[in-house]
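To start, the structure under review is shown below, and the notes come after it.
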Amino acid sequence: MAALLALYLILVVDRSVRLVATGEPVAIGLGVALIVFPLIAAWALMRELLFGIRTERLVKDLEAEDSLPEDDLPKRPSGRPDRAAADAEFDRYRAEVDAAPESWRAWFRLGLAYDASGDRRRARAALRRAIALNRQAA
């Protein structure tokens with residue numbers, strides 16, 4: 001997907017430069033708009049790629065310490081964890097963060113618990129917090 005988006009961005013920027021080069025006011029406006037939107041898309045793509053890279057680095061750190069939580073929750077046919085079982089284990093990870101709010105490890109495990117419970121928005125927020133704490137500690 002990233003490669004396709006990069007190709008799309010190249011083609012759109014090419015078209016926008018051609019529109020701006022015409023000198024027509026309407027074409028210049030369209031060309032500028034076509035430049036702005038791909039820049040926003042490129043920023044969003046880079047942000048997501050960096051999030052993935054940083055998250056993967058934290059996973060490797062936890063694996064090296066042997067402190068990743070076990071993936072022993074029962075699974076639905078789709079492969080996602082059973083929500084009731086994930087919710088039952090969630091309190092343990094929330095308590096871990098409450099006990100050590102500056103621990104990136106606790107926040108990371110809480111993010112995994114949120115994800116298992118189906119709350120992607122909070123999972124990403126907890127993982128971002130873990131990344132920030134890890135970067136502060138480094």
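The values are calculated or read from the model by the stated rules, or taken from the named source; none is laboratory data. Computed from a prediction, not measured in an experiment: that's the story for all the values here. For neighbour counting, all protein chains shown are included, and Cβ atoms are generated from backbone atoms with ideal geometry for every residue, glycine included.
For the reader, a short list of remarks on this structure follows.
- When residues of the range 105-134 are limited to those that are free of Cβ contacts under 8 Å to residues at least 60 places away in the same chain and farther than 30 Å from Arg76 by Cβ, the one surrounded by the most Cβ atoms within 10 Å (Cβ to Cβ): Leu133
- Matching option when the condition is without any contact (Cβ under 8 Å) to a residue 60 or more places away in the chain, surrounded by 12 or more Cβ atoms within 10 Å (Cβ to Cβ) and either out of contact with any Cys (no Cβ under 8 Å at 6 or more places or on another chain) or under 22 Å from Ala123 (Cα atoms) (or both), among Leu68, Leu4, Leu58: Leu68
- Any hit, the range 83-98, residues being closer than 25 Å to Ala2 by Cβ and at pLDDT 90 or above: no
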